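For reference, the structure discussed in these notes is given below.
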Amino acid sequence: MRHQLLRKFRRLRAFMRRQDGSATVEAVLWMPIFMVVFAFMVDTSMVFNGQSKVLRVIQDANRNMSVGRFTTNAEVENYINTELGKFNVVPTMTQTQSNSAVVLTAVTVPVGQLQIIGLFSAIFNLEVDVTAGHLLDSIEESDLSTSGMVATY
């Protein structure tokens, strides 16, 4: 009996001296930090991607007003809000100003709508402001047809 107890004690002492699992402990300690950094990278990428989508929609709306498809600022704003709704983005502010030379549009979107994991909105209350301007075309279609540049069918 004493011999078996002594053997178990030696095995336990040998087990306690082993260094095999020390890397596992360090990995377990560092893993949450790596995961948080990775989550921030994913959210940052998605915010920049969402910003580029919003900019594309604003530029399309401004271009439509530039060529005469939209005639009022309200039409531009409605188009922007409708198109952003397709991406599940609801802007907190959409403002369009135009005169005879340029159309300027500004959109503000909460960052929480652009990210996947949600670390930014959990820590900060941020918003993305996207602004774009477009020169209005001053050439009428009748001017182009007289110069032979527009074919009529």
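Scanning region 2-10 turns up no residue that is modelled with pLDDT under 90 and in a loop (DSSP other than H, G, I, E, B). Of 58, 123, 116, all but one fail to be surrounded by 12 or more Cβ atoms within 10 Å (Cβ to Cβ), under 17 Å from the mean Cα position of the chain (by Cα) and not polar (S, T, N, Q); the exception is 58. Only strands (runs of 3 or more DSSP E) whose full extent lies in region 43-153 are considered here, and the ones with at least 1 residues that are touching a His at 6+ places or on another chain (Cβ under 6 Å) and modelled with pLDDT under 95 are 102-110.
Going by the structure shown, is residue 74 free of Cβ contacts under 8 Å to residues at least 60 places away in the same chain, of a type in the set (A, V, I, L, M) and surrounded by 18 or more Cβ atoms within 10 Å (Cβ to Cβ)? Considered against the rule, which asks whether it is free of Cβ contacts under 8 Å to residues at least 60 places away in the same chain, of a type in the set (A, V, I, L, M) and surrounded by 18 or more Cβ atoms within 10 Å (Cβ to Cβ), residue 74 comes out as no. Scanning region 47-67 for residues that are β-branched (Val, Ile, Thr) and farther than 23 Å from residue 124 by Cα yields 57, 58, 67. Annotation: of all residues in region 1-44 being of a type in the set (Phe, Trp, Tyr) and under 40 Å from the mean Cα position of the chain (by Cα), the one that is farthest from residue 110 (Cα to Cα) is 30. Residues in region 41-55 that are of a type in the set (Phe, Trp, Tyr) and either touching a residue at least 60 places away in the same chain (Cβ under 8 Å) or surrounded by 15 or more Cβ atoms within 10 Å (Cβ to Cβ) (or both): none.
The values are calculated or read from the model by the stated rules, or taken from the named source; none is laboratory data. Since this is a predicted model, take the numbers as computed values, not measurements. So basically every Cβ, Gly included, is an ideal-geometry build from the backbone, and we count neighbours across all protein chains shown.
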